[in-house]
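Novice: Encoded as structure tokens, here's the structure I'll be asking about.
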Amino acid sequence: MCVTYLGYLLLLWFPGVLHAQSAAQPCVAPRLPHGYIVPEQDQYATETKLTYACEKGYKPAVEGWWATSTCQSGTWSPEPECIGSVDACGAPPKVPHAVIMDHGHQELFAADTELRYECEDGYTAEGAGNDKTIVCIKGAWTKGPTCNQTACTPPTIPNAKYAENPYGWYKEGDKIWVTCDEAYELKNKHATALCKNGSWSSVPVCERSVDACGAPPKVPHTVIVDHRHQELFAADTALQYECEDGYTAEGAGNDKTIVCIKGAWTKGPTCNQTACTPPTIPNAKYTENPYGWYEEGDKIKVTCDEAYELKTRDTTALCKNGTWISVPVCERSVDACGAPPKVRHAVIVDHRHQELFAADTELQYECEDGYTAEGAGNDKTIVCIEGAWTKGPTCSRVTDGSSVTGGGDTTSAGSWTPPAGGGSSSSSGSNTGDTERHLTTIDKCGKPHKIPKAVIVRTFRRSVKYRCQDYHKRLGPEYVRCYSDGTWSELPTCQASYCVVNTFEYPDLKPAGEIHVLDGDTERLECVDKMEWWFNNYSDGQCNNGIIHLSRCCTKAQLAIKTCGGSLTKRN
């Protein structure tokens, strides 16, 4: 109670003191770049003194290396400030190919500050002691080191290889061992290079080997197997050729390898064409190879175009040594017809331009407007039979219901007149006596007749074609036609047309059994050997009308110049 009363009395007696204390304001911590404060706190009471100092290279704005400032009514007096020292140094100099050790980012450095440089890899400081330290003295740096290159970069050595350093450079005194590329050799026996003062000394030289070969020879129609582009090849290098498709290597063993021997290549292969390109066969077709060429020994089966037939019975061509042999020939069929006849006032329906027409081809005429076909049934069809067209229609003008002929004869269409000298037109087992016989399709006449020693080789709509077997000749027509009355035209017969030689019956002939000779032909038969004969002897057997004549045994030369008289005799 007494203490409270005493405080009250003091306030009454010293009112000015209370007012002064309430007017005093504290100070916030000053901002001091490049300096530090003692004591360090966020707020300071009035009349508080603080001490501050500056970083290296800086000093207080007032005299001395440390200073004080007092908080007076919320402000500092004097204002704390760090300014650059006159003896401080700025950024250190940049030295080529060097870095400063333990150097943080800093704008000013105090006097006597030391910095140390280190030369980059492959560089060394120049001078005695190789000093790499600089010092800040009176606001300036002492001279920095000079870093000279002493390491070597990987050298470029033409036509050579060496083990490369994984660091990408070589130290002073390092050596590399050089190996020449294939087909190259060292100019001298020195195979190492030395790194000295940043460059290579005694670098080996690789030159072309005297035993190396240049580019391999170009062989027509070949390719080299697994061959990369290369200018030189070492001695004993072997290269393998392959012939192109359709070509084969010539010679024994068909060797396709070349070897580099003493600077030259051995002889390469010769590739000859053995495949065949698709042949051009006039008036024929065949199944083409999708590859565009045919291998040796390939065969193609040839089919003649319409209105053409094979000249011989052989239907295949053979690919041999790059060319086609035994190529079938398609010639105009004897049954084919040429251009159809022109009929006045008529046109052919659906007729394309064509030079030849196959046997049994039918063409349809149409009369022009105002014309009509004459004759029974008004047939306007023509047929190609035995190389000739049947008679075409006659188109007559229509006038007031009556026909007026437009020219030409009035033989009815679809009829056929035998050629002059062509034999009788009577059918088998029938004779109508007509000068013109109307043809029809063969189904109206039934199954064609079987003729001894003959075969039907072709069937048409209105006729069939017969051929006699080997060693027989045909008597009568080749074609048998079907007439509208259901009968066939005259049939041919086949007569034997050959001679038989029984070699066992002739002592001068080598036994070979029975030999057949076609009528009109000559067969050369081999004779037995005799001591007095210097050469092989032969007998020519000629067949005429079923009778054989055998010459005596003579040489081929005698037979050729026909100086071989006489004939062979049979055994007794």
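Novice: Considering the range 99-144 alone, what residues qualify as being at positive phi and not charged (D, E, K, R)? Step through it out loud before you land on a result.
Specialist: Within the range 99-144, the first condition is being at positive phi, and the residues that meet it are 102, 112, 122, 127, 129-130, 138-139.
Result: Gly122, Gly127, Gly129, Asn130, Gly139.
Novice: I would also like to ask the following. With respect to the numbered conditions (1) assigned to a loop (DSSP other than H, G, I, E, B); (2) modelled with pLDDT of 90 or more; (3) surrounded by 14 or more Cβ atoms within 10 Å (Cβ to Cβ); (4) of a type outside the set (Lys, Arg), which one is the sole condition not fulfilled by Cys564?
Specialist: Among (1) assigned to a loop (DSSP other than H, G, I, E, B); (2) modelled with pLDDT of 90 or more; (3) surrounded by 14 or more Cβ atoms within 10 Å (Cβ to Cβ); (4) of a type outside the set (Lys, Arg), the lone unmet condition for Cys564 is (2).
Novice: Could you go through the range 226-246 and let me know if any residue there is of a type in the set (D, E, K, R) and outside any loop (DSSP other than H, G, I, E, B).
Specialist: First pass over the range 226-246, keeping only residues of a type in the set (D, E, K, R): 226, 228, 231, 236, 242, 244-245.
Now restrict to residues that are outside any loop (DSSP other than H, G, I, E, B): 242.
Checked against the condition, which is being of a type in the set (D, E, K, R) and outside any loop (DSSP other than H, G, I, E, B), the range 226-246 yields at least one hit.
Novice: Return a yes/no flag: does the range 512-526 have any residue that is farther than 30 Å from Val455 by Cα, among the polar types (S, T, N, Q) and surrounded by 13 or more Cβ atoms within 10 Å (Cβ to Cβ).
Specialist: No, every residue in the range 512-526 fails to be farther than 30 Å from Val455 by Cα, among the polar types (S, T, N, Q) and surrounded by 13 or more Cβ atoms within 10 Å (Cβ to Cβ).
Novice: Now for a different question. Could you tell me how many of the residues in the range 460-483 are out of contact with any Cys (no Cβ under 7 Å at 6 or more places or on another chain) and within 14 Å of Glu386 (Cβ to Cβ)?
Specialist: Qualifying residue count for the region: 11.
Novice: Do we find that Pro290 is surrounded by fewer than 17 Cβ atoms within 10 Å (Cβ to Cβ), outside the structural domain of Ala235 (by the TED database) and either within 30 Å of Lys218 (Cα to Cα) or within 37 Å of the chain's Cα centre (by Cα) (or both) in this structure? Full working, then the answer.
Specialist: Details: surrounded by fewer than 17 Cβ atoms within 10 Å (Cβ to Cβ): yes; outside the structural domain of Ala235 (by the TED database): yes; either within 30 Å of Lys218 (Cα to Cα) or within 37 Å of the chain's Cα centre (by Cα) (or both): yes.
When the stated conditions are applied, Pro290 passes them.
Novice: Let me ask you something else. Counting only residues that are under 60 Å from the mean Cα position of the chain (by Cα), give me the strands (runs of 3 or more DSSP E) lying completely in the range 100-152 with at least 1 of them.
Specialist: Once the strands (runs of 3 or more DSSP E) in the range 100-152 are filtered for at least 1 residues that are under 60 Å from the mean Cα position of the chain (by Cα), what remains is 114-119, 123-125, 147-149.
Novice: Let me ask you something else. Only one residue in Leu239, Leu232, Leu194 is crowded, with 16+ Cβ neighbours inside 10 Å and touching a Pro at 6+ places or on another chain (Cβ under 6 Å). Which one?
Specialist: Working: Leu232 fails: touching a Pro at 6+ places or on another chain (Cβ under 6 Å); Leu194 fails: touching a Pro at 6+ places or on another chain (Cβ under 6 Å).
After ruling out the rest, the residue left standing is Leu239.
Novice: Just the residues that are touching a Leu at 6+ places or on another chain (Cβ under 9 Å) and under 25 Å from Arg467 (Cα atoms), please, taken from the range 308-338.
Specialist: Our first condition is that a residue be touching a Leu at 6+ places or on another chain (Cβ under 9 Å); within the range 308-338, this holds for 308, 324-333, 336-338.
Matches in the range 308-338: Tyr308, Ser326, Val327, Pro328, Val329, Cys330, Glu331, Arg332, Ser333, Ala336, Cys337, Gly338.
Novice: Scan the range 139-160 and report the pairs whose first residue is closer than 20 Å to Ile100 by Cβ and whose second residue is β-branched (Val, Ile, Thr) and surrounded by 17 or more Cβ atoms within 10 Å (Cβ to Cβ), with Cβ atoms within less than 7 Å and a gap of 6+ or a chain change.
Specialist: Pairs found: Trp141/Ile134; Thr142/Ile134; Gly144/Val95; Gly144/Ile134; Pro145/Val95; Cys147/Val95; Cys147/Thr124; Asn148/Thr124.
Novice: Criterion first (at pLDDT below 90 and in a loop (DSSP other than H, G, I, E, B)) does Glu164 satisfy it? Let's see the steps before the verdict.
Specialist: Numbers: at pLDDT below 90: yes; in a loop (DSSP other than H, G, I, E, B): yes.
When the stated conditions are applied, Glu164 passes them.
Novice: For the range 91-123, give me each residue that is surrounded by 19 or more Cβ atoms within 10 Å (Cβ to Cβ) and touching a Lys or Arg at 6+ places or on another chain (Cβ under 6 Å).
Specialist: Tyr117
Novice: With the requirement that a residue be more than 30 Å from Gly268 (Cβ to Cβ) and of a type in the set (A, V, I, L, M, F, W, C), what does the range 181-227 give you? Break it down into steps so the answer makes sense when it comes.
Specialist: So the first thing to find is which residues in the range 181-227 are more than 30 Å from Gly268 (Cβ to Cβ), and the list is 186-205.
The answer is Leu186, Ala191, Ala193, Leu194, Cys195, Trp200, Val203, Val205.
This table checks each residue for (1) assigned by the TED database to the domain that holds Lys138; (2) surrounded by 13 or more Cβ atoms within 10 Å (Cβ to Cβ); (3) assigned to a strand (DSSP E or B).
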| position | (1), (2), (3) |
| --- | --- |
| Pro30 | no, yes, no |
| Tyr36 | no, no, yes |
| Gln41 | no, no, no |
| Thr46 | no, yes, no |
| Thr51 | no, yes, yes |
| Lys56 | no, yes, no |
| Lys59 | no, yes, yes |
| Ser69 | no, yes, yes |
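Novice: Return the only residue of Val203, Val219, Val259 being of a type outside the set (D, E, K, R) and in a strand (DSSP E or B).
Specialist: Working: Val203 fails: in a strand (DSSP E or B); Val219 fails: in a strand (DSSP E or B).
Every option except Val259 fails the conditions.
Novice: Would you point out the residue of the range 189-220, among those that are without any contact (Cβ under 8 Å) to a residue 12 or more places away in the chain and within 26 Å of Cys260 (Cα to Cα), that is farthest from the chain's Cα centre (by Cα)?
Specialist: Taking the range 189-220 first, the residues without any contact (Cβ under 8 Å) to a residue 12 or more places away in the chain are 189, 201, 218.
Okay, now just the ones that are also within 26 Å of Cys260 (Cα to Cα), so 189, 218.
Working: Lys189: 48, Lys218: 20 Å.
Result: Lys189.
Novice: Can you name every residue in the range 330-340 that is buried (at least 16 other Cβ atoms within 10 Å of the Cβ) and either aromatic (Phe, Trp, Tyr) or in a loop (DSSP other than H, G, I, E, B) (or both)? Before the answer, list the steps.
Specialist: Of the residues in the range 330-340, the ones buried (at least 16 other Cβ atoms within 10 Å of the Cβ) are 330, 333, 335-337, 340.
The answer is Ser333, Asp335, Ala336, Pro340.
Novice: Sticking with this one: Tell me which residues, restricted to the range 300-313, are in a loop (DSSP other than H, G, I, E, B), of a type outside the set (Gly, Ala, Ser) and either surrounded by fewer than 13 Cβ atoms within 10 Å (Cβ to Cβ) or on the phi > 0 side of the Ramachandran plot (or both).
Specialist: Of the residues in the range 300-313, the ones in a loop (DSSP other than H, G, I, E, B) are 302, 305-307, 311-313.
Filter once more, keeping what is of a type outside the set (Gly, Ala, Ser): 302, 305-306, 311-313.
Result: Lys311, Thr312, Arg313.
The values are calculated or read from the model by the stated rules, or taken from the named source; none is laboratory data. Small disclaimer: the values here were computed from a predicted structure and weren't measured. Please note: Cβ atoms are built from the backbone with ideal geometry, for glycine as well, and neighbour counts cover all protein chains shown.
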